[in-house]
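The structure appears right after this line, and notes come after that.
The values are calculated or read from the model by the stated rules, or taken from the named source; none is laboratory data. Predicted model only: the values in this text are computed from it and were never measured. With ideal geometry, Cβ positions are generated from the backbone for all residues, glycine too; neighbour counts draw on all protein chains shown.
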Amino acid sequence: MRRPNSAPRNTGNGGGPLRPGSQQPASMKSRPAKAPKLPKTKRAAAPGRPSPSAAKPAGSLRAEQQRLARLAKQDRQNQKSAGKLQRLEIRKFTQGTRTRKIITFTTLGSVAALVALVLATMFTPLMAIKDIQVSGTHRLKAASIKSAVSTLIGTPLTLVSEDDLAKRLASFTLIQSFTTVSLPPHTLQINIVERQPVAIVQTTSGGYLYDPAGVLIGPTKATWKYPTVVVAGDPRHSSNYRAAIDVLLALPAELYPKVQRIQATSKDDVRLELRGAANQQILWGDSSKSIMKSKVLAALIANTKKSAAVTYDVSSPGAPTVRYGRF
């Protein structure tokens with residue numbers, strides 16, 4: 001009995017047995033087996049870098065965020081514009097109230113500042129008088145006036161009253177009026193207006209100058225500078241003196257220095273005597289219609305010789321007369 005061949009058989013593709021020593025056909029040569037295909041896996045993205053598949057959703061998210069940001073910005077601008085318009089409307093309708101408030105606060109502030117300044121000047125030596133200046137004196141001495149008001153030194157300028165000064169200067173009869181000027185911080189200026197002479201009144205002791213109110217100014221020897229008023233008694237209390245002065249003040253400026261003497265026996269009978277050798281006289285009457293009387297008198301004098309002894313009657317300026325001689 002044969003032993004069965006324990007060697008394996010070489011089989012081809014067909015699965016048939018091959019004889020020993022026979023070659024395998026080319027078509028039947030064995031090929032290496034292919035490795036099994038594994039399923040493809042996605043490569044992990046590098047850290048910090050979005051994967052390609054995530055790029056598209058990220059871009060859409062960014063665009064959406066930008067769109068929302070634009071909408072929010074536009075909304076803020078709209079709110080800002082609306083708020084501005086609202087503020088303008090509020091300012092338009094509250095302009096009067098705000099103006100009244102500003103005026104009120106400004107007024108109150110000014111009043112408060114003024115009150116504070118007045119209090120400071122009244123109760124502190126901030127504006128106390130340290131120097132007194134006197135001006136306008138001719139016949140009076142400025143030193144005498146300063147001495148009369150010297151007690152005002154140290155008094156605040158705001159507390160000096162004209163009534164107080166008038167009492168201190170009452171003894172100076174030649175002062176007709178005065179004014180004061182405060183020169184901060186420490187100077188008081190007093191401007192004096194002295195009485196001006198207008199006529200001479202003859203007395204037993206000589207001629208004296210008087211002002212229009214009949215106040216004595218002083219003696220004088222220059223009788224050619226002023227007319228002489230013939231009056232009896234104190235000129236200050238004489239009605240005849242006042243009537244004569246009214247006529248003198250009504251005369252034209254060029255005629256006044258030509259008057260040598262004037263006498264008023266009453267307010268309706270005022271007579272003047274002109275300077276010169278002829279001693280021409282004027283019947284003036286009362287002090288009414290002074291301008292018309294002056295013009296008529298100037299025309300009469302211009303048509304009369306200066307050496308003629310005449311009397312001009314202008315008491316009725318509508319019917320003036322010229323009388324020659326002393327009648």
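Being modelled with pLDDT of 75 or more and out of contact with any strand residue (DSSP E or B) (no Cβ under 7 Å at 6 or more places or on another chain) narrows it down to one of Ile132, Ile102, so name that one.
On inspection, the qualifying residue turns out to be Ile102.
Out of all the residues in region 186-237, which are touching a residue at least 24 places away in the same chain (Cβ under 8 Å) and acidic (Asp, Glu)?
Correct list: Glu194, Asp211.
Step by step: first the residues of region 254-283, then only those that are under 57 Å from the mean Cα position of the chain (by Cα) and of a type in the set (A, V, I, L, M, F, W, C), then the one that is surrounded by the most Cβ atoms within 10 Å (Cβ to Cβ). Which residue is that?
By that ranking, first place goes to Ala264.
Say whether the condition of being polar (S, T, N, Q) and in contact with a helix residue (DSSP H, G or I) (Cβ under 6 Å, 6 or more places away or on another chain) is met by at least one residue in region 139-150.
no
Restricting to region 296-327, give me the number of residues that are within 23 Å of Val229 (Cα to Cα) and part of a helix (DSSP H, G or I).
3
Which condition number does Val115 fail, the rest of (1) at pLDDT 70 or above; (2) more than 45 Å from the chain's Cα centre (by Cα) being met?
The number of the failed condition is (2).
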